[in-house]
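Report on the following structure.
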(Lines give C-alpha, C1' and ligand atoms only; values in the text may rest on other atoms or scores of the structure.)
Protein backbone atom coordinates (compact mmCIF):
# COMPACT_ATOMS: atom_id res chain seq x y z
CA UNK A 1 0.00 0.00 0.00
CA UNK A 2 1.34 3.44 -0.94
CA UNK A 3 2.09 6.15 1.61
CA UNK A 4 -0.88 8.19 0.36
CA UNK A 5 -3.20 5.18 0.60
CA UNK A 6 -2.07 4.57 4.17
CA UNK A 7 -2.65 8.25 5.01
CA UNK A 8 -6.14 8.14 3.50
CA UNK A 9 -6.90 5.01 5.53
CA UNK A 10 -5.73 6.67 8.76
CA UNK A 11 -7.76 9.79 8.09
CA UNK A 12 -10.87 7.82 7.17
CA UNK A 13 -10.60 5.93 10.45
CA UNK A 14 -10.24 9.24 12.32
CA UNK A 15 -13.02 11.34 10.75
CA UNK A 16 -15.01 8.97 8.52
CA UNK A 17 -14.47 8.07 4.86
CA UNK A 18 -16.99 10.62 3.56
CA UNK A 19 -14.81 13.49 4.83
CA UNK A 20 -11.69 12.32 2.97
CA UNK A 21 -11.11 12.87 -0.74
CA UNK A 22 -8.40 12.19 -3.30
CA UNK A 23 -10.64 13.06 -6.23
CA UNK A 24 -8.41 14.82 -8.82
CA UNK A 25 -11.03 17.56 -9.30
CA UNK A 26 -11.09 18.27 -5.55
CA UNK A 27 -7.29 18.29 -5.35
CA UNK A 28 -7.10 20.66 -8.31
CA UNK A 29 -9.74 23.02 -6.87
CA UNK A 30 -7.92 23.31 -3.56
CA UNK A 31 -4.61 24.05 -5.29
CA UNK A 32 -5.81 27.57 -6.15
CA UNK A 33 -7.28 30.53 -4.31
CA UNK A 34 -8.12 33.99 -5.68
CA UNK A 35 -4.50 35.17 -5.90
CA UNK A 36 -4.22 36.37 -9.51
CA UNK A 37 -1.10 34.24 -10.05
CA UNK A 38 -3.07 31.16 -8.97
CA UNK A 39 -5.94 32.18 -11.23
CA UNK A 40 -3.55 32.28 -14.17
CA UNK A 41 -2.12 28.89 -13.19
CA UNK A 42 -5.64 27.46 -13.21
CA UNK A 43 -6.32 28.84 -16.70
CA UNK A 44 -3.17 27.08 -17.91
CA UNK A 45 -4.04 23.82 -16.18
CA UNK A 46 -1.08 24.20 -13.81
CA UNK A 47 -1.20 22.96 -10.21
CA UNK A 48 2.20 23.65 -8.66
CA UNK A 49 0.84 23.48 -5.10
CA UNK A 50 -1.46 20.48 -4.75
CA UNK A 51 -2.31 18.32 -1.77
CA UNK A 52 -2.30 14.54 -1.63
CA UNK A 53 -5.62 14.44 0.18
CA UNK A 54 -8.37 16.87 1.21
CA UNK A 55 -10.23 16.42 4.51
CA UNK A 56 -13.44 18.35 5.02
CA UNK A 57 -13.98 18.55 8.76
CA UNK A 58 -17.37 19.04 10.40
CA UNK A 59 -16.41 20.13 13.91
CA UNK A 60 -13.53 20.87 16.24
CA UNK A 61 -13.19 17.20 17.18
CA UNK A 62 -12.47 16.41 13.53
CA UNK A 63 -9.76 19.09 13.47
CA UNK A 64 -8.16 17.55 16.54
CA UNK A 65 -8.27 14.09 14.97
CA UNK A 66 -6.69 15.22 11.69
CA UNK A 67 -3.87 17.10 13.40
CA UNK A 68 -3.10 14.09 15.56
CA UNK A 69 -2.85 11.90 12.47
CA UNK A 70 -0.59 14.51 10.88
CA UNK A 71 1.67 14.62 13.93
CA UNK A 72 1.92 10.82 14.07
CA UNK A 73 2.72 10.51 10.36
CA UNK A 74 4.78 13.67 9.85
CA UNK A 75 2.46 14.83 7.06
CA UNK A 76 2.05 18.62 6.57
CA UNK A 77 -1.37 20.26 6.92
CA UNK A 78 -2.56 23.40 5.16
CA UNK A 79 -5.80 24.91 6.42
CA UNK A 80 -8.32 26.24 3.93
CA UNK A 81 -11.72 27.86 4.45
CA UNK A 82 -13.53 29.71 1.64
CA UNK A 83 -10.45 30.25 -0.54
CA UNK A 84 -10.84 34.03 -0.79
CA UNK A 85 -7.16 34.71 -0.07
CA UNK A 86 -5.51 36.90 -2.72
CA UNK A 87 -1.92 36.01 -1.78
CA UNK A 88 -1.79 32.20 -1.86
CA UNK A 89 -2.17 31.58 1.88
CA UNK A 90 -4.16 28.29 1.65
CA UNK A 91 -2.01 26.66 -1.03
CA UNK A 92 -0.07 23.56 0.12
CA UNK A 93 3.62 23.97 -0.68
CA UNK A 94 4.58 20.45 0.46
CA UNK A 95 1.56 18.44 -0.58
CA UNK A 96 0.11 16.49 2.32
CA UNK A 97 -3.30 17.35 3.74
CA UNK A 98 -5.55 20.26 2.92
CA UNK A 99 -7.74 20.74 6.00
CA UNK A 100 -10.98 22.16 4.64
CA UNK A 101 -12.71 24.00 7.51
CA UNK A 102 -15.46 25.57 5.40
CA UNK A 103 -18.01 23.25 7.06
CA UNK A 104 -17.18 24.51 10.56
CA UNK A 105 -20.51 26.31 10.56
CA UNK A 106 -23.63 26.43 12.67
CA UNK A 107 -25.75 28.85 14.66
CA UNK A 108 -24.25 31.95 16.20
CA UNK A 109 -24.82 32.99 19.81
CA UNK A 110 -25.60 36.65 20.51
CA UNK A 111 -24.99 38.00 24.02
CA UNK A 112 -26.93 41.28 24.11
CA UNK A 113 -25.68 42.17 27.61
CA UNK A 114 -21.95 41.84 26.91
CA UNK A 115 -22.49 42.78 23.24
CA UNK A 116 -20.70 39.84 21.65
CA UNK A 117 -21.42 37.11 19.13
CA UNK A 118 -19.82 33.67 19.22
CA UNK A 119 -19.61 31.80 15.93
CA UNK A 120 -17.88 28.77 14.38
CA UNK A 121 -14.81 29.78 12.40
CA UNK A 122 -16.05 28.56 9.01
CA UNK A 123 -19.12 30.80 8.96
CA UNK A 124 -19.36 33.18 5.99
CA UNK A 125 -18.79 36.74 7.20
CA UNK A 126 -21.54 38.23 5.04
CA UNK A 127 -24.09 35.70 6.24
CA UNK A 128 -23.17 36.49 9.85
CA UNK A 129 -23.48 40.23 9.27
CA UNK A 130 -26.85 39.80 7.57
CA UNK A 131 -28.18 37.77 10.49
CA UNK A 132 -26.84 40.26 13.02
CA UNK A 133 -28.46 43.20 11.25
CA UNK A 134 -31.80 41.41 11.16
CA UNK A 135 -31.53 41.31 14.96
CA UNK A 136 -30.53 44.99 15.17
CA UNK A 137 -26.78 44.41 15.63
CA UNK A 138 -23.62 44.71 13.56
CA UNK A 139 -19.89 44.04 13.79
CA UNK A 140 -19.19 47.04 11.50
CA UNK A 141 -16.45 44.80 10.08
CA UNK A 142 -16.65 44.96 6.32
CA UNK A 143 -13.77 43.70 4.17
CA UNK A 144 -14.40 43.85 0.43
CA UNK A 145 -14.47 40.05 0.58
CA UNK A 146 -17.22 40.08 3.26
CA UNK A 147 -19.47 37.67 1.37
CA UNK A 148 -16.57 35.44 0.27
CA UNK A 149 -14.56 35.10 3.47
CA UNK A 150 -14.91 33.25 6.77
CA UNK A 151 -14.69 34.55 10.32
CA UNK A 152 -11.74 32.28 11.06
CA UNK A 153 -10.05 33.52 7.90
CA UNK A 154 -10.33 37.09 9.18
CA UNK A 155 -8.40 36.16 12.31
CA UNK A 156 -5.84 33.98 10.55
CA UNK A 157 -4.96 36.73 8.07
CA UNK A 158 -5.23 39.75 10.41
CA UNK A 159 -7.90 41.22 8.15
CA UNK A 160 -9.45 44.65 8.31
CA UNK A 161 -12.58 46.27 6.91
CA UNK A 162 -13.66 49.30 4.92
CA UNK A 163 -14.72 51.15 8.08
CA UNK A 164 -11.50 50.49 9.97
CA UNK A 165 -10.59 54.14 10.46
CA UNK A 166 -13.32 54.19 13.12
CA UNK A 167 -13.70 50.58 14.21
CA UNK A 168 -10.22 49.13 13.70
CA UNK A 169 -9.07 45.80 12.33
CA UNK A 170 -9.91 42.26 13.39
CA UNK A 171 -7.51 42.63 16.33
CA UNK A 172 -9.92 45.26 17.69
CA UNK A 173 -12.99 43.15 16.86
CA UNK A 174 -12.07 39.82 18.44
CA UNK A 175 -12.77 39.13 22.10
CA UNK A 176 -11.52 35.55 22.14
CA UNK A 177 -11.25 32.34 20.16
CA UNK A 178 -10.48 28.62 20.29
CA UNK A 179 -7.48 27.20 18.49
CA UNK A 180 -6.27 23.65 17.92
CA UNK A 181 -2.49 23.33 18.22
CA UNK A 182 -0.27 21.15 16.06
CA UNK A 183 -0.39 18.25 18.53
CA UNK A 184 -4.19 18.33 18.72
CA UNK A 185 -4.41 20.18 22.03
CA UNK A 186 -7.13 22.85 22.25
CA UNK A 187 -6.52 26.30 23.74
CA UNK A 188 -9.07 29.01 24.47
CA UNK A 189 -7.71 32.57 24.40
CA UNK A 190 -9.85 35.37 25.76
CA UNK A 191 -9.96 38.56 27.81
CA UNK A 192 -13.11 39.88 29.45
CA UNK A 193 -12.94 42.74 28.65
CA UNK A 194 -9.18 43.19 29.25
CA UNK A 195 -6.56 41.18 31.07
CA UNK A 196 -3.03 41.86 32.32
CA UNK A 197 -2.00 38.36 33.33
CA UNK A 198 1.06 38.14 31.16
CA UNK A 199 1.21 39.05 27.44
CA UNK A 200 -1.97 39.20 25.37
CA UNK A 201 -1.85 35.66 24.06
CA UNK A 202 -4.80 36.33 21.75
CA UNK A 203 -2.43 38.21 19.47
CA UNK A 204 -0.15 35.23 18.82
CA UNK A 205 -2.44 33.47 16.35
CA UNK A 206 -3.90 36.58 14.69
CA UNK A 207 -2.26 36.85 11.29
CA UNK A 208 -0.39 33.57 11.70
CA UNK A 209 -2.00 32.15 8.52
CA UNK A 210 -2.47 28.68 9.96
CA UNK A 211 1.25 28.24 10.67
CA UNK A 212 0.79 28.03 14.46
CA UNK A 213 -2.65 26.47 14.92
CA UNK A 214 -6.18 26.12 13.51
CA UNK A 215 -8.85 28.54 14.76
CA UNK A 216 -12.20 26.81 15.23
CA UNK A 217 -14.48 29.30 16.99
CA UNK A 218 -14.45 33.04 17.69
CA UNK A 219 -16.21 35.58 19.88
CA UNK A 220 -16.49 39.04 18.33
CA UNK A 221 -17.70 42.43 19.50
CA UNK A 222 -21.04 43.66 18.22
CA UNK A 223 -22.89 46.95 18.57
CA UNK A 224 -26.31 48.36 17.74
CA UNK A 225 -26.67 49.50 14.14
CA UNK A 226 -25.56 53.18 14.02
CA UNK A 227 -28.50 55.55 14.25
CA UNK A 228 -27.25 58.00 11.61
CA UNK A 229 -24.71 58.37 8.83
CA UNK A 230 -23.32 61.42 7.03
CA UNK A 231 -21.56 61.09 3.65
CA UNK A 232 -19.57 63.59 1.59
CA UNK A 233 -17.19 63.54 -1.38
CA UNK A 234 -14.58 66.20 -2.14
CA UNK A 235 -12.39 67.17 -5.07
CA UNK A 236 -8.84 67.54 -3.77
CA UNK A 237 -6.09 69.64 -5.41
CA UNK A 238 -3.52 66.83 -5.38
CA UNK A 239 -2.45 63.69 -3.50
CA UNK A 240 -0.19 65.70 -1.17
CA UNK A 241 -3.15 67.85 -0.09
CA UNK A 242 -5.30 64.77 0.34
CA UNK A 243 -2.74 63.09 2.57
CA UNK A 244 -2.50 66.31 4.59
CA UNK A 245 -6.27 66.15 5.17
CA UNK A 246 -6.06 62.56 6.34
CA UNK A 247 -3.23 63.38 8.72
CA UNK A 248 -4.87 66.55 10.05
CA UNK A 249 -8.15 64.86 10.92
CA UNK A 250 -6.24 62.07 12.71
CA UNK A 251 -4.20 64.63 14.65
CA UNK A 252 -7.41 66.32 15.79
CA UNK A 253 -8.86 63.09 17.09
CA UNK A 254 -11.65 62.49 14.56
CA UNK A 255 -12.82 58.94 13.91
CA UNK A 256 -14.81 58.97 10.67
CA UNK A 257 -16.06 55.57 9.60
CA UNK A 258 -15.03 56.12 5.99
CA UNK A 259 -11.94 57.80 4.54
CA UNK A 260 -10.89 56.96 0.98
CA UNK A 261 -8.47 59.17 -0.93
CA UNK A 262 -8.16 58.26 -4.63
CA UNK A 263 -5.38 59.55 -6.84
CA UNK A 264 -6.57 60.98 -10.15
CA UNK A 265 -6.23 57.71 -12.07
CA UNK A 266 -8.33 55.74 -9.64
CA UNK A 267 -10.67 58.70 -9.08
CA UNK A 268 -11.88 58.25 -12.66
CA UNK A 269 -12.93 54.71 -11.77
CA UNK A 270 -14.34 55.65 -8.35
CA UNK A 271 -16.41 58.43 -9.89
CA UNK A 272 -17.26 56.42 -13.05
CA UNK A 273 -16.22 59.52 -14.99
CA UNK A 274 -13.29 59.52 -17.43
CA UNK A 275 -13.13 63.33 -17.33
CA UNK A 276 -12.21 63.58 -13.65
CA UNK A 277 -9.00 65.62 -13.42
CA UNK A 278 -8.14 65.68 -9.71
CA UNK A 279 -7.93 63.28 -6.78
CA UNK A 280 -11.14 62.62 -4.87
CA UNK A 281 -11.81 62.05 -1.18
CA UNK A 282 -14.78 59.97 0.03
CA UNK A 283 -15.79 60.45 3.68
CA UNK A 284 -18.44 59.18 6.06
CA UNK A 285 -19.28 59.64 9.73
CA UNK A 286 -21.80 57.68 11.79
CA UNK A 287 -23.28 57.17 15.22
CA UNK A 288 -25.78 59.28 17.13
CA UNK A 289 -27.22 61.92 14.74
CA UNK A 290 -25.76 64.95 16.51
CA UNK A 291 -22.33 63.36 16.80
CA UNK A 292 -22.23 62.18 13.17
CA UNK A 293 -23.27 65.64 11.95
CA UNK A 294 -20.76 67.43 14.15
CA UNK A 295 -17.91 65.18 13.11
CA UNK A 296 -18.75 65.69 9.44
CA UNK A 297 -18.81 69.45 9.96
CA UNK A 298 -15.32 69.40 11.46
CA UNK A 299 -14.06 67.02 8.78
CA UNK A 300 -15.45 69.30 6.06
CA UNK A 301 -13.76 72.32 7.60
CA UNK A 302 -10.42 70.48 7.69
CA UNK A 303 -10.80 69.41 4.05
CA UNK A 304 -11.57 72.97 2.98
CA UNK A 305 -8.46 74.23 4.81
CA UNK A 306 -6.42 72.22 2.29
CA UNK A 307 -8.33 73.37 -0.77
CA UNK A 308 -10.86 70.54 -1.07
CA UNK A 309 -14.25 71.30 -2.63
CA UNK A 310 -17.37 69.42 -1.56
CA UNK A 311 -19.24 67.67 -4.41
CA UNK A 312 -22.06 66.05 -2.47
CA UNK A 313 -22.76 62.59 -1.04
CA UNK A 314 -23.84 60.89 -4.29
CA UNK A 315 -20.40 59.50 -5.33
CA UNK A 316 -19.99 57.91 -1.90
CA UNK A 317 -23.49 56.46 -1.98
CA UNK A 318 -22.77 54.93 -5.39
CA UNK A 319 -19.52 53.41 -4.11
CA UNK A 320 -21.29 51.92 -1.08
CA UNK A 321 -23.75 50.22 -3.43
CA UNK A 322 -20.95 48.51 -5.41
CA UNK A 323 -18.18 48.13 -2.83
CA UNK A 324 -18.22 44.31 -2.95
CA UNK A 325 -17.88 44.21 -6.74
CA UNK A 326 -14.74 42.39 -7.96
CA UNK A 327 -15.88 42.16 -11.57
CA UNK A 328 -13.31 44.47 -13.18
CA UNK A 329 -10.42 42.40 -11.87
CA UNK A 330 -12.17 39.06 -12.38
CA UNK A 331 -13.15 39.74 -15.98
CA UNK A 332 -9.63 40.79 -16.88
CA UNK A 333 -8.09 37.72 -15.21
CA UNK A 334 -10.55 35.50 -17.07
CA UNK A 335 -9.28 36.64 -20.48
CA UNK A 336 -6.26 35.25 -22.29
CA UNK A 337 -3.25 37.37 -21.33
CA UNK A 338 -5.26 39.63 -19.04
CA UNK A 339 -3.72 40.35 -15.65
CA UNK A 340 -4.67 42.33 -12.57
CA UNK A 341 -3.19 42.61 -9.11
CA UNK A 342 -3.91 44.37 -5.82
CA UNK A 343 -1.06 45.19 -3.46
CA UNK A 344 -1.76 46.94 -0.15
CA UNK A 345 1.07 48.33 1.93
CA UNK A 346 1.40 50.91 4.69
CA UNK A 347 3.75 53.59 5.95
CA UNK A 348 4.01 56.54 8.29
CA UNK A 349 2.95 60.08 7.41
CA UNK A 350 6.60 61.10 7.10
CA UNK A 351 7.28 58.51 4.37
CA UNK A 352 3.99 57.73 2.63
CA UNK A 353 4.28 60.40 -0.08
CA UNK A 354 7.75 59.21 -1.14
CA UNK A 355 6.54 55.62 -1.18
CA UNK A 356 3.58 56.60 -3.37
CA UNK A 357 5.84 58.39 -5.84
CA UNK A 358 8.36 55.55 -5.96
CA UNK A 359 5.81 52.77 -6.42
CA UNK A 360 4.03 54.61 -9.21
CA UNK A 361 7.34 55.19 -10.99
CA UNK A 362 8.48 51.54 -10.91
CA UNK A 363 5.07 49.97 -11.54
CA UNK A 364 3.76 52.14 -14.38
CA UNK A 365 5.97 50.39 -16.98
CA UNK A 366 4.54 47.02 -15.87
CA UNK A 367 0.81 47.65 -16.41
CA UNK A 368 -1.61 49.54 -18.63
CA UNK A 369 -3.16 51.20 -15.59
CA UNK A 370 -1.83 51.81 -12.08
CA UNK A 371 -4.50 53.00 -9.66
CA UNK A 372 -3.88 54.05 -6.06
CA UNK A 373 -6.01 54.88 -3.05
CA UNK A 374 -5.45 55.39 0.68
CA UNK A 375 -8.24 53.91 2.76
CA UNK A 376 -7.24 52.91 6.31
CA UNK A 377 -6.02 55.83 8.40
CA UNK A 378 -4.18 55.82 11.72
CA UNK A 379 -2.69 58.49 13.97
CA UNK A 380 0.81 57.60 12.74
CA UNK A 381 0.13 56.90 9.05
CA UNK A 382 -2.02 55.20 6.45
CA UNK A 383 -2.38 52.23 4.16
CA UNK A 384 -1.87 52.53 0.41
CA UNK A 385 -3.69 50.22 -2.01
CA UNK A 386 -2.34 49.74 -5.52
CA UNK A 387 -4.40 48.19 -8.34
CA UNK A 388 -2.66 47.15 -11.57
CA UNK A 389 -4.50 46.28 -14.77
CA UNK A 390 -2.91 45.10 -18.01
CA UNK A 391 -2.78 42.69 -20.94
CA UNK A 392 0.05 40.42 -22.08
CA UNK A 393 0.39 38.14 -25.10
CA UNK A 394 -0.93 35.06 -23.29
CA UNK A 395 -1.51 33.65 -19.83
CA UNK A 396 2.10 32.48 -19.46
CA UNK A 397 3.31 36.01 -20.16
CA UNK A 398 0.68 37.40 -17.78
CA UNK A 399 1.93 35.08 -15.03
CA UNK A 400 5.50 36.25 -15.62
CA UNK A 401 4.40 39.88 -15.49
CA UNK A 402 2.56 39.35 -12.20
CA UNK A 403 5.69 37.77 -10.75
CA UNK A 404 7.71 40.78 -11.88
CA UNK A 405 5.17 43.16 -10.37
CA UNK A 406 5.42 41.45 -7.00
CA UNK A 407 9.21 41.43 -6.99
CA UNK A 408 9.36 45.10 -8.02
CA UNK A 409 6.76 46.27 -5.50
CA UNK A 410 8.19 44.33 -2.59
CA UNK A 411 11.76 45.47 -3.22
CA UNK A 412 10.61 49.09 -3.46
CA UNK A 413 8.73 48.77 -0.18
CA UNK A 414 11.74 47.20 1.49
CA UNK A 415 13.92 50.03 0.21
CA UNK A 416 11.52 52.55 1.76
CA UNK A 417 11.05 50.72 5.05
CA UNK A 418 7.33 50.24 4.44
CA UNK A 419 5.04 47.53 5.76
CA UNK A 420 4.79 44.90 3.02
CA UNK A 421 1.14 44.12 3.75
CA UNK A 422 -1.64 46.05 5.42
CA UNK A 423 -4.44 43.47 5.40
CA UNK A 424 -4.08 40.80 2.69
CA UNK A 425 -1.35 39.04 4.66
CA UNK A 426 1.74 37.28 3.38
CA UNK A 427 0.85 33.99 1.73
CA UNK A 428 3.04 32.77 -1.10
CA UNK A 429 3.20 36.24 -2.62
CA UNK A 430 5.14 37.80 0.25
CA UNK A 431 6.79 34.85 1.99
CA UNK A 432 10.14 35.34 0.16
CA UNK A 433 10.37 38.84 1.62
CA UNK A 434 9.13 38.08 5.15
CA UNK A 435 12.49 37.75 6.87
CA UNK A 436 13.82 41.01 5.46
CA UNK A 437 10.56 42.78 6.31
CA UNK A 438 10.34 41.57 9.91
CA UNK A 439 14.08 41.76 10.55
CA UNK A 440 15.06 40.65 14.05
CA UNK A 441 11.38 40.12 14.91
CA UNK A 442 11.38 37.13 12.56
CA UNK A 443 13.58 35.31 15.09
CA UNK A 444 10.72 35.63 17.59
CA UNK A 445 8.30 34.20 15.02
CA UNK A 446 10.65 31.28 14.31
CA UNK A 447 10.93 30.50 18.01
CA UNK A 448 7.15 30.57 18.39
CA UNK A 449 6.89 28.24 15.41
CA UNK A 450 9.40 25.83 16.88
CA UNK A 451 7.63 25.83 20.25
CA UNK A 452 4.11 25.36 18.89
CA UNK A 453 4.87 23.30 15.76
CA UNK A 454 8.32 21.74 16.24
CA UNK A 455 8.01 19.49 13.19
CA UNK A 456 6.99 22.37 10.92
CA UNK A 457 3.80 20.65 9.73
CA UNK A 458 1.34 23.55 9.77
CA UNK A 459 1.05 25.52 6.50
CA UNK A 460 4.72 25.31 5.57
CA UNK A 461 6.22 27.85 3.19
CA UNK A 462 4.37 30.91 4.53
CA UNK A 463 5.65 33.93 6.47
CA UNK A 464 9.22 32.98 5.62
CA UNK A 465 8.94 29.77 7.68
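The values are calculated or read from the model by the stated rules, or taken from the named source; none is laboratory data. As the structure is a prediction and not an experimental result, all values here were calculated from the model. When we count neighbours, we look across all protein chains shown, and the Cβ atoms used for this are built from the backbone with ideal geometry, even at glycine.
Key figures
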| read-out | value |
| --- | --- |
| Test: residue in the stretch 391-414 that is within 22 Å of residue 353 (Cβ to Cβ) and not in a helix (DSSP H, G or I) | no |
| Check on residue 363, surrounded by fewer than 21 Cβ atoms within 10 Å (Cβ to Cβ), outside any strand (DSSP E or B) and in contact with a helix residue (DSSP H, G or I) (Cβ under 9 Å, 6 or more places away or on another chain) | yes |
| Evaluation of residue 130 against (1) surrounded by fewer than 16 Cβ atoms within 10 Å (Cβ to Cβ); (2) outside any helix (DSSP H, G or I) (one fails), failing number | (2) |
| Among the residues listed as 53, 86, the single one being within 18 Å of residue 22 (Cα to Cα) and modelled with pLDDT of 95 or more | 53 |
| Neighbours by Cβ (under 6 Å, 6+ apart or cross-chain): first from the stretch 124-136, at pLDDT 95 or above; second in a helix (DSSP H, G or I) and surrounded by fewer than 13 Cβ atoms within 10 Å (Cβ to Cβ) | none |
| Residue in the stretch 202-219 that is touching a helix residue (DSSP H, G or I) at 6+ places or on another chain (Cβ under 6 Å) and more than 28 Å from residue 427 (Cα to Cα) present | no |
| Residue tally, condition more than 22 Å from the chain's Cα centre (by Cα) and in a helix (DSSP H, G or I), over the stretch 415-465 | 10 |
| Among residues of the stretch 29-65, those that are touching a strand residue (DSSP E or B) at 6+ places or on another chain (Cβ under 6 Å), free of Cβ contacts under 8 Å to residues at least 60 places away in the same chain and closer than 11 Å to residue 80 by Cβ, counted | 4 |
| Any helices (runs of 4 or more DSSP H) falling wholly within the stretch 178-294 and containing at least 1 residues that are in the same structural domain as residue 140 (by TED's automatic domain parsing) | 202-205 |
| Cβ-Cβ under 6 Å pairs, at least 6 apart or on other chains, the stretch 314-335 side outside the structural domain of residue 142 (by TED's automatic domain parsing), far side in a helix (DSSP H, G or I) | 333/36; 333/39 |
| Failed condition for residue 94, given (1) in contact (Cβ under 8 Å) with a residue 40 or more places away in the chain; (2) surrounded by fewer than 21 Cβ atoms within 10 Å (Cβ to Cβ); (3) within 25 Å of residue 178 (Cα to Cα); (4) more than 20 Å from the chain's Cα centre (by Cα) | (3) |
| Number of the exception - residue 138 against (1) buried (at least 22 other Cβ atoms within 10 Å of the Cβ); (2) in contact with a helix residue (DSSP H, G or I) (Cβ under 6 Å, 6 or more places away or on another chain) | (1) |
| Considering residues of the stretch 295-314 that are in contact with a helix residue (DSSP H, G or I) (Cβ under 7 Å, 6 or more places away or on another chain) and assigned to a helix (DSSP H, G or I) only, the residue nearest to residue 145 (Cα to Cα) | 299 |
| All positions within the stretch 245-274 that are free of Cβ contacts under 8 Å to residues at least 24 places away in the same chain and in contact with a helix residue (DSSP H, G or I) (Cβ under 6 Å, 6 or more places away or on another chain) | 274 |
